[in-house]
């Protein structure tokens, strides 16, 4: 059996296993949530009404039904691009129209992204104006949705095209170690985006105003001081323009960090609870979770690019995935797109590891918050947020291990009580 056929059969087997596992996990989640829909868990019976519990269950089930379609669609799209010849056909059309060269390679990647976006558009609309609308979370109007999409498209081209050109250029001129130079460029680019995001990118989509609640501002300033943190300012984001969901987060680096609260969060929580939520976010910085996450991401990117650097030189990598490579001209864009397509199929096994580490970090941040503020304030804030965001109190345990980046409410609250 030659290497090309081996890769084809490996992809088919891996894709079948990938889809089967996702369907099975989704089915477990649906069954577990549905079975527990009729009663509130005893530990939360006094704080959570049956109506809120059932709303969370119904919201979870609605998202799970949409996820079933998404899983099947992703698999069909992958097969369409690869073994059914979609990417090869697009490549041949662009070659006949433009001829080989950097322009054709950029057009191939852009065409791939554009077609993928159009295929995923109906599901995105169903999520926003279907599921989110039905459960009272969507606040986005069709005109705002179109404006966001237009801004996102322009921003994506403005920021993505230079990066794409740089990576393809390095693949052309960087020799056998092009992937190392490309990795360095990607790291610098990502740090640059993180630096400009608070003042350049985010204001394009949301309005940020200084926090005006004097008592809350005094609370959070005192918390920052006793925790040894500094921030450039405290801001409120108009998240309610698009969604009823709420959050709080930091942006920026070092002393230029900004603390941002969703306006929906200010309406949901008391000042003491807001302080506890901020203490939790400070816990992530105290334990250097952001830096650890970036280091992990950069390391995985380096490994991925090194693997791509090797695969791009193997003819069987292209033919085994339904593409006929050029024997005289560059195949860099083809290699890049194929790698982006098939990598998720072979890396699903990493999901439980990543999710577990993220949940442990949330526990560490909770513990730090409890050391800075009364733990009952964080507990009541978390319970309110889980209720207001319609997060189910009864997820399937195995589904949690694979997908949940945050521990379920019952686990977090139990950990606080035992501490």
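Scanning segment 38-53 for residues that are in a loop (DSSP other than H, G, I, E, B) and either in contact (Cβ under 8 Å) with a residue 60 or more places away in the chain or within 10 Å of residue 399 (Cβ to Cβ) (or both) returns 40, 41, 47, 48. The set of residues from segment 304-327 being part of a loop (DSSP other than H, G, I, E, B) and either in contact with a strand residue (DSSP E or B) (Cβ under 7 Å, 6 or more places away or on another chain) or in contact (Cβ under 8 Å) with a residue 24 or more places away in the chain (or both) comprises 312, 314, 320, 321, 322, 323, 324, 326. Selection of segment 386-403 for residues being surrounded by fewer than 20 Cβ atoms within 10 Å (Cβ to Cβ), closer than 22 Å to residue 247 by Cα and touching a helix residue (DSSP H, G or I) at 6+ places or on another chain (Cβ under 7 Å) yields 388, 391, 403.
Screening residue 133 on (1) in contact with a helix residue (DSSP H, G or I) (Cβ under 6 Å, 6 or more places away or on another chain); (2) free of Cβ contacts under 8 Å to residues at least 12 places away in the same chain shows it passes everything except condition (1).
Would you confirm whether or not segment 79-88 contains a residue that is in contact with a helix residue (DSSP H, G or I) (Cβ under 6 Å, 6 or more places away or on another chain), surrounded by fewer than 17 Cβ atoms within 10 Å (Cβ to Cβ) and more than 23 Å from residue 123 (Cβ to Cβ)? Looking for residues that are in contact with a helix residue (DSSP H, G or I) (Cβ under 6 Å, 6 or more places away or on another chain), surrounded by fewer than 17 Cβ atoms within 10 Å (Cβ to Cβ) and more than 23 Å from residue 123 (Cβ to Cβ), one finds none in segment 79-88, hence no.
Residues considered: 327, 383, 350, 336. Of these, the only one that is modelled with pLDDT of 95 or more and out of contact with any helix residue (DSSP H, G or I) (no Cβ under 6 Å at 6 or more places or on another chain) is 336.
Within segment 164-189, restricting attention to residues that are within 20 Å of the chain's Cα centre (by Cα) and under 26 Å from residue 101 (Cβ atoms), which residue is surrounded by the fewest Cβ atoms within 10 Å (Cβ to Cβ)?
The first filter runs over segment 164-189 and keeps only residues within 20 Å of the chain's Cα centre (by Cα), leaving 186-187, 189.
Adding the requirement that they be under 26 Å from residue 101 (Cβ atoms) leaves 186, 189.
Numbers: 186: 18, 189: 16.
Residue satisfying both the conditions and the ranking: 189.
Annotation: of all residues in segment 213-244 being more than 22 Å from residue 373 (Cβ to Cβ) and in contact with a strand residue (DSSP E or B) (Cβ under 9 Å, 6 or more places away or on another chain), the one that is surrounded by the most Cβ atoms within 10 Å (Cβ to Cβ) is 237. Among the criteria (1) in contact (Cβ under 8 Å) with a residue 40 or more places away in the chain; (2) surrounded by 17 or more Cβ atoms within 10 Å (Cβ to Cβ); (3) within 15 Å of residue 399 (Cβ to Cβ), the one residue 30 does not fulfil is (1).
Among the residues of segment 341-357, not a single one is buried (at least 20 other Cβ atoms within 10 Å of the Cβ), over 21 Å from the mean Cα position of the chain (by Cα) and on the phi < 0 side of the Ramachandran plot. Just to check your reading of the model, which residue among 276, 272, 255 is part of a helix (DSSP H, G or I) and modelled with pLDDT under 80? The unique qualifying residue is 255. Of the set (1) touching a residue at least 60 places away in the same chain (Cβ under 8 Å); (2) closer than 27 Å to residue 334 by Cβ; (3) surrounded by 12 or more Cβ atoms within 10 Å (Cβ to Cβ), all apply to residue 161 but (1).
The values are calculated or read from the model by the stated rules, or taken from the named source; none is laboratory data. If you're wondering where the values come from, they're calculated on a predicted model, not measured in any experiment. Glycine gets a Cβ as well: all are built from the backbone with ideal geometry, and neighbour counts include every protein chain shown.
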